[in-house]
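Everything on this sheet refers to the single structure shown next.
The values are calculated or read from the model by the stated rules, or taken from the named source; none is laboratory data. All of these numbers come straight from a predicted model, not from anything done at the bench. Virtual Cβ from ideal backbone geometry, glycine too; neighbours counted across all protein chains shown. To get the accessible areas, we keep the full protein, side chains included, count just its heavy atoms, and leave off ligands, DNA and RNA. Shrake-Rupley method; radii C 1.70, N 1.55, O 1.52, S 1.80 Å.
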Amino acid sequence: MIAPALLGFDISWDATLRNVILGSLILGLMSGVLGSFSVLRRQSLIGDTLAHAALPGICLAFMLSGTRTNEWLLTGGLATGLVGIFVMMAISRWSQVKPETALGIVLSVFFGFGILLLTRIQHSNDAGQSGLDRFIFGQAATILPRDLVVMGIIAAISLSVVVLLFKELKVLSFDPDFAAAQGLRPGVTSSILAALIVGVVMMGLQTVGVVLMVSLLIAPAVAARQWTRSLSSMIVLSGAFGMLSGVLGAVSSSLGDRLPTGPMIVSVASVIVIISILAAPDRGILSRIQRRRDRARRMRDDLIQIDHQGRVIW
Amino acid sequence: MSAALTIMIVGALVGASCGLVGSFLVLRRLALLGDAISHSVLLGIVLVFWATGSRSPILMAIGAGAVGILTVALVSWIQHTGIVKEDAAIGLVFPFLFAIGVVIVSRFPSQVHIDVDAVLYGEIAYVPLYRFEAFGWDLGTQAFWTVGTMLAIDILFVALLFKELKVSSFDAGFTAAIGMSPILIHYLLMAFVSATTVVAFDAVGAILVVALLIVPAATAQLLTQRLSHLIAISVFIGAASSIVGYWIARLIDGSIAGAIATALGLAFITAFMFSPSQGLIAQFARRSRQRRDFIRDLVVAHIAAKQTPVALNTLSEDFHWSADMTNRAINDARKLDRVELDGRGYLSIPGTSSQPNS
């Protein structure tokens, strides 16, 4: 009696859950890997602008074509996201407005315009049937098998580029001037990196949402940085942390009722950061405190020794 | 008071208070900290509601003020440890606090007035529904009193500490040297930003508060160099955009908060293009005028260096310029009496032309 019902429940549950797990796994891996570079290059908040500025594009794509397929909606998002980045650069280039203010202006105005369009769509469309609001805080349960194919292709391309251009990316992250002097063309490398980041941000909008996407670019990388000094192991670790946050967050949100995915993923990623900041050997806060204590004790011991040799020190 | 008028007045008051405290945020290059605070205050509001079940504006402001200060303190602590740089520190702290807030909000039963939509869009459209009653009298819209009080407190704060805010915004070292504490002023300002954010939060939602904090002041920055003018313009733009935003929202049937942000964006773009001192068009005009002046001076210098009158028709060959360009340069120079043209078509510097060398 119970077994078939359970079985039926299990099967439907499994199909969704499998998509959710695979999708958030790919997303976490990609944002962890690419986020490492953007954190090291101190450009982590540009992803925030990009994600927010994508919202009006998603809405415009829907209004113009009536489509609900992710590829077209995200292409629209990509377009306004890039316009946003361009406007941001134009503002800081052509006026006295400081770069961080320009970032905030573009982020909030584009997002506000997106909200205006979104509410307009919801009011004209009966009761928000468009489902566009899933892009705001993400809804991993809406990931379809065809989305997984697109995500997989983007991920495969991005990972191969990172492997092939590893040397260039490494030099770019730590010393762009040296890269230029070595003829490694930092401009080209940084454009390629930017394109990859644009790709992963668009990929993340469905799962994490525009508001919190930036966190997935920053948190795994910062956590990974705490545990290692080498770039390659930082990237691997950051990818792993990203996957862990993505899977744990997305799965917990699909289990609960009315739980948006983005905040759950971000919460998991943030907990990993907190643990790493506190507990990592060498760079962690706890080990720093321990070191400081050891140093103080050694200093005290040394002082006493000197005192025994007959020197007047205090 | 009609509903539309109430919404516009409340919107204008919100815009004015954000424009006021936002001026100092932008001047101190803390725009992103404003962004962070406007997200994380959600947690404060939600926690207060969770713990007390009350939506009292005073409790909310206190809760949000506390979380705002916590945000600022966490960001500066993480920076201080040297683990990450400022941008990443901000990007770590506010998404976490905001995410917790959203998770808690989405667990609230749906009949509760705080929900995810309110977080995003604000509730300014419903503002006329909540009345403020005291001693059995209906004293008007509740939001009018809350927002009005906040604006009054903000004005008082800026007026009383204007000198301190001004000095510390431009020169923190000097501030410390003359015995004021830049850190204390910093945290005070952040407390006021947080409290103002909560009040604005009710009207325009968490995410769009940052538009009201940053954009009016940045627009004002394009129009003036004086702090007092900057504040006045910023307040005006904040208030005016709220009113314009209301009409945009009515026109296209969308969220008022989104429309206010859009109106702010339009204001900024207008100033960016047309500001008389720094606008793109003014910059372009200035550059092309400088170019024209330079070409004119080059021609004058060329003629002066030759020491003999120069034939008009050889000049454009000498420079490899088009005839138009040369003629315009010569006309500009003649208008200022820097060169003169004699009857035979020769150019010379005035006062030297009568003695040809040959």
Somewhere in the stretch A:179-187, is a residue modelled with pLDDT of 85 or more and not small (Gly, Ala, Ser)?
no
If you check B:Ala200, B:Ala217, which single one turns out to be closer than 12 Å to B:Gly19 by Cβ, in contact (Cβ under 8 Å) with a residue 24 or more places away in the chain and touching a Phe, Trp or Tyr at 6+ places or on another chain (Cβ under 9 Å)?
B:Ala217
Of the residues A:Gly66, A:Gly131, A:Gly77, A:Gly84, only one is at positive phi and touching a residue at least 24 places away in the same chain (Cβ under 8 Å); which?
A:Gly131
Report yes if some residue within the stretch A:207-215 is buried (at least 24 other Cβ atoms within 10 Å of the Cβ), at positive phi and facing chain B (nearest Cβ under 10 Å); otherwise report no.
yes
Within the stretch B:234-251, the residues that are crowded, with 17+ Cβ neighbours inside 10 Å, within 14 Å of chain A (Cβ to nearest Cβ) and either free of Cβ contacts under 8 Å to residues at least 40 places away in the same chain or not polar (S, T, N, Q) (or both) are B:Ile237, B:Gly238, B:Val244, B:Gly245, B:Tyr246, B:Ile248, B:Ala249
Only one of (1) closer than 26 Å to B:Ala257 by Cβ; (2) buried (at least 24 other Cβ atoms within 10 Å of the Cβ); (3) more than 8 Å from every other protein chain (Cβ to nearest Cβ) is not met by A:Ile143, so which one is it?
(1)
Based on this model, can you work out whether A:Leu50 counts as surrounded by 16 or more Cβ atoms within 10 Å (Cβ to Cβ), in contact with a Ser or Thr (Cβ under 8 Å, 6 or more places away or on another chain) and modelled with pLDDT of 90 or more?
no
For the stretch A:221-233, which residues satisfy the criterion of being among the hydroxyl-bearing types (Ser, Thr, Tyr) and part of a helix (DSSP H, G or I)?
A:Ser232, A:Ser233
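Here is a yes/no grid of residues against (1) more than 14 Å from chain B (Cβ to nearest Cβ); (2) of a type in the set (Ser, Thr, Tyr); (3) closer than 16 Å to A:Cys59 by Cα:
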residue	(1), (2), (3)
A:Gly104	no, no, no
A:Gly112	no, no, yes
A:Arg134	no, no, yes
A:Asp147	yes, no, no
A:Phe166	yes, no, no
A:Asp175	yes, no, no
A:Gly183	yes, no, no
A:Ser190	yes, yes, no
A:Ile197	no, no, no
For A:Ser65, state whether it is more than 14 Å from every other protein chain (Cβ to nearest Cβ) and either open to solvent by 50 Å² or more (accessible area, probe 1.4 Å) or farther than 18 Å from A:Ile157 by Cα (or both).
yes
Can you name the residue in the stretch A:235-250 that is open to solvent by less than 10 Å² (accessible area, probe 1.4 Å) and away from chain B (no Cβ under 12 Å) and is also modelled with the lowest pLDDT among such residues?
A:Ala250
Looking only at the stretch B:270-293, filter to residues that are within 8 Å of chain A (Cβ to nearest Cβ) and part of a helix (DSSP H, G or I); which one of those is farthest from the chain's Cα centre (by Cα)?
B:Gln283
The condition from (1) within 21 Å of A:Glu100 (Cβ to Cβ); (2) free of Cβ contacts under 8 Å to residues at least 40 places away in the same chain that B:His229 misses is numbered (1)
Any residue at all in the stretch A:87-100 that's within 11 Å of another protein chain (Cβ to nearest Cβ), of a type in the set (A, V, I, L, M), within 18 Å of B:Ile214 (Cβ to Cβ) and open to solvent by less than 10 Å² (accessible area, probe 1.4 Å)?
yes
Failed condition for B:Thr197, given (1) within 12 Å of chain A (Cβ to nearest Cβ); (2) crowded, with 24+ Cβ neighbours inside 10 Å; (3) out of contact with any Lys or Arg (no Cβ under 7 Å at 6 or more places or on another chain):
(1)
Within 30 Å of A:Asp175 (Cα to Cα), within 7 Å of chain B (Cβ to nearest Cβ), out of contact with any strand residue (DSSP E or B) (no Cβ under 9 Å at 6 or more places or on another chain) and in a helix (DSSP H, G or I) - does that describe any residue in the stretch A:118-128?
no
Confirm whether A:Gly76 is assigned to a helix (DSSP H, G or I), over 19 Å from the mean Cα position of the chain (by Cα), within 24 Å of B:Ala211 (Cβ to Cβ) and more than 11 Å from every other protein chain (Cβ to nearest Cβ).
yes
Just one of A:Ile153, A:Ile197, A:Ile218 is of a type in the set (A, V, I, L, M), open to solvent by less than 10 Å² (accessible area, probe 1.4 Å) and part of a helix (DSSP H, G or I); which is it?
A:Ile218
I'm told B:Ala267 meets every condition in (1) closer than 23 Å to B:Phe24 by Cβ; (2) aliphatic (A, V, I, L, M); (3) more than 11 Å from every other protein chain (Cβ to nearest Cβ); (4) open to solvent by 20 Å² or more (accessible area, probe 1.4 Å) except one. Can you identify the failing condition by its number?
(3)
Exactly one of B:Ile349, B:Ile281 is surrounded by 14 or more Cβ atoms within 10 Å (Cβ to Cβ) and out of contact with any Cys (no Cβ under 6 Å at 6 or more places or on another chain), and that residue is B:Ile349
Residues of the stretch A:190-247 classified as under 13 Å from the mean Cα position of the chain (by Cα) and free of Cβ contacts under 8 Å to residues at least 12 places away in the same chain, total:
0
Inside the stretch B:314-332, can you point out the residues that are of a type in the set (Asp, Glu) and at pLDDT 85 or above?
B:Asp324, B:Asp332
Would the stretch B:302-313 turn up any residue that is over 44 Å from the mean Cα position of the chain (by Cα), in a helix (DSSP H, G or I), away from chain A (no Cβ under 14 Å) and in contact (Cβ under 8 Å) with a residue 40 or more places away in the chain?
yes
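For every residue, the table says whether it meets (1) in contact with a His (Cβ under 9 Å, 6 or more places away or on another chain); (2) closer than 21 Å to B:Thr196 by Cα; (3) without any contact (Cβ under 8 Å) to a residue 60 or more places away in the chain.
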residue	(1), (2), (3)
B:Ala16	no, yes, no
B:Val21	no, yes, no
B:Gly34	no, yes, no
B:Leu47	no, yes, yes
B:Arg55	yes, yes, yes
B:Ile58	no, yes, yes
B:Val67	no, yes, no
B:Leu74	no, yes, yes
B:Gly258, sole failed condition from (1) within 27 Å of A:Ser92 (Cβ to Cβ); (2) of a type outside the set (S, T, N, Q); (3) more than 9 Å from every other protein chain (Cβ to nearest Cβ)
(3)
